[in-house]
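The structure appears below as structure tokens.
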Amino acid sequence: MWPWGHLAVGYLVYAALSRWRFEEPPSAAATLAVAVGTQFPDLVDKPLAWTFHVLPSGRSLAHSLLTVAVVCVLVYVYARRNGLGRPALAFAVGYISHPFADALSPLLAGEYEYIRYLGWPVLDQPPYDTSRGFGAHLADLEPSSLVLAGTFLVGFALLVWLRDGRPGLAALREWLRARRVV
């Protein structure tokens, strides 16, 4: 799944949870935390596999449910000490949704060996080509039923985010302005 698809899945799951559990749309802090959580596994694994060649694939260390559990516990402990419960929950939802969203395509194709990353390093990885970077993968992007479904999902998530009042946008703009990025 592409980064924007992960963001859509994570936001939709957290937005539903926020409405169910807290009876309100996600806050700005929670929205930014879910966004970081949805990207975290790829921000760790892709460079370590594709650039530095220290991991067997772009889906290994940070995509492993073992790592997910450790990182989420550490984030929870930190958040509990600092009064950041909802952002921590949002990060965890985003992070947990990522490896499972990546498993969708191999599961639908019946290629079960390609979901063994969920148990890495306990489970061995099938051989992957780690010599290609993000740009090469992006260049190979072709319209398929999964890509079209992902596009629909992103559009739906965007509508939900707009309905929720665009949480996180103002905070992100303010943060970027403070660093003179915009």
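The values are calculated or read from the model by the stated rules, or taken from the named source; none is laboratory data. What you see is a predicted model, and the numbers here were worked out from it, not measured in a lab. Cβ placement follows ideal geometry from the backbone for every residue including glycine, while neighbour counts extend to all protein chains displayed. Keep in mind that these areas ignore ligands, DNA and RNA; they rest on the heavy atoms of the full protein, side chains included. Shrake-Rupley method; radii C 1.70, N 1.55, O 1.52, S 1.80 Å.
Descriptive notes on the structure:
- Close Cβ contacts (under 6 Å, 6 or more residues apart or on different chains) running from residues in the range 147-166 that are closer than 17 Å to L32 by Cβ to residues that are part of a helix (DSSP H, G or I) and modelled with pLDDT of 95 or more comprise A157/A8; A157/Y11; A157/L12; V160/A15.
- Test for L48: is it in a helix (DSSP H, G or I), of a type in the set (A, V, I, L, M) and farther than 21 Å from V13 by Cβ: yes
- Note on the range 41-90: among residues that are modelled with pLDDT of 95 or more and among the β-branched types (V, I, T), the one that is farthest from R116 (Cα to Cα) is V77.
- Among residues of the range 105-122 that are free of Cβ contacts under 8 Å to residues at least 12 places away in the same chain, those with a beta-carbon under 8 Å from a residue that is surrounded by 11 or more Cβ atoms within 10 Å (Cβ to Cβ) and of a type in the set (V, I, T) at least six positions away or on a different chain give the pairs P106/I115; L107/I115.
- Search result, residues across the range 16-30 that are open to solvent by less than 80 Å² (accessible area, probe 1.4 Å) and either among the aliphatic types (A, V, I, L, M) or in a helix (DSSP H, G or I) (or both): A16, L17, S18, A28, A29, A30
- Put simply, of G58, G150 the only residue that is open to solvent by less than 30 Å² (accessible area, probe 1.4 Å), closer than 25 Å to Y11 by Cβ and not in a helix (DSSP H, G or I) is G58.
- Looking across the range 153-181, the residues that are in a loop (DSSP other than H, G, I, E, B) and open to solvent by 50 Å² or more (accessible area, probe 1.4 Å) come down to G165, R166, R179, R180, V181.
- Going through (1) modelled with pLDDT of 95 or more; (2) closer than 29 Å to L61 by Cβ one by one, H137 falls short only on (1).
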